[in-house]
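Everything below concerns the one structure shown next.
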Amino acid sequence: MALRYLHRTDAFVVGVWRVEEDEETLKEMVGGDYFPGLNRLNHPRRRLEWLAVRVLLRKFGYEGQVMYHPTRRPFLVHSRSHISISHSFPFVAVVLSDKCSVGIDIESYVRPFVQVKDKYLSEREKMWVDVDNNRQLALIWSAKEAMYKLPGMEGLGGPDMDVRPIDELSNEGNFSATIRMGNTIQRFNLQYYYMEFFNVVWVCCDPKTLVW
């Protein structure tokens, strides 16, 4: 079993799976012989990620189907819970909540984020971020990817989101960010966790606050 991280609170559950199994093993772990959506995927790696997400959901206690809105945001069939999914092989990450709107992102922090820093950093972030610290750059990227997955964020860009200064990174922790949409500014609390050369970042917020 390749469950690398599992974190439950009263508000949400987060899990990260490291794909080490072959496709048939993952199918056995999901259970049954009906895998809607899998046949539309041709790439072997994407098929493994698809199955690993379903394995994680079984660990969370959900055995239904995952569908997608036209915006590509996932939702659970016959459930009011909110879900967000991210994958960066060999990892898949899922956050699930029956109380919060959620977003999650997992990235390798060895990617050259400095090459695109001007496209996603806000002007305030440029004042404090160390551009030679790829862990910082990756964390900010993942934070914005996670927040963008919240409802109503379509059309926003990286500079519209502002991660507040982070004094020091540890293996896991919390930080905050704000999003400006028109004349409205909202504050979000995010959490992060590191494993191997990857960071996973997620956000969980009251759906009633997502009114712009």
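Read-outs throughout are calculated quantities, based only on the coordinates presented, and are distinct from any laboratory measurement. Just so we're clear, the structure is a prediction, and the values are computed from it rather than from any experiment. We place every Cβ from the backbone using ideal geometry, glycine too, and count neighbours over all the protein chains shown.
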Exercise. Return one number: the angle in degrees, 0 to 90 and rounded to the nearest 10, between the long axis of the Cα atoms of helix 44-60 and the longest principal axis of the Cα atoms of the chain.
Key: 90 degrees
Quiz item: Expressed as a whole number of Å, what is the distance separating the alpha-carbon centroids of the range 1-34 and the range 74-128?
Solution: 18 Å
Quiz item: Calculated FRET efficiency, H7 and N183, Cβ-Cβ r, R0 45 Å, to nearest 0.05?
Solution: 0.80
Quiz item: Quick one: length gained pulling D22 to D160 fully straight, 0.36 nm per residue minus the C-alpha distance?
Solution: 45.6 nm
Quiz item: For the chain, what is the relative contact order in percent, using Cα pairs closer than 8 Å and at least 6 residues apart in sequence?
Solution: 17 percent
Practice problem: Compare M161, M147, M67 in a GNM of the chain, Cα atoms joined below 10 Å, and give the one with the largest fluctuation. | Solution: M67
Self-check item: Count of Lys pairs (Cα-Cα under 23 Å; at least 8 positions apart or interchain) in the chain
Solution: 14
Quiz item: Which FRET efficiency, nearest 0.05, do Y34 and H78 yield, Cβ-Cβ r, R0 22 Å?
Solution: 0.90
Exercise. Just grab the label-to-label distance for N174 and M127, each label 7 Å out from Cα along the Cβ direction, in nm (one decimal).
Key: 2.5 nm
Practice problem: Please list the non-local residues whose amide H lies under 5 Å from the amide H of R4, H modeled 1.01 Å from N, same-chain partners needing a gap of 5 or more. | Solution: V16, W17, R18
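Can you show me the helix-derived [θ] at 222 nm for the chain, built from DSSP H runs with n ≥ 4 at -39,500 (n - 2.57) apiece and divided by the number of residues, rounded to the nearest 500.
Values: 5 runs with 50 residues, N = 212.
The per-residue figure over the chain is -7000 deg cm²/dmol.
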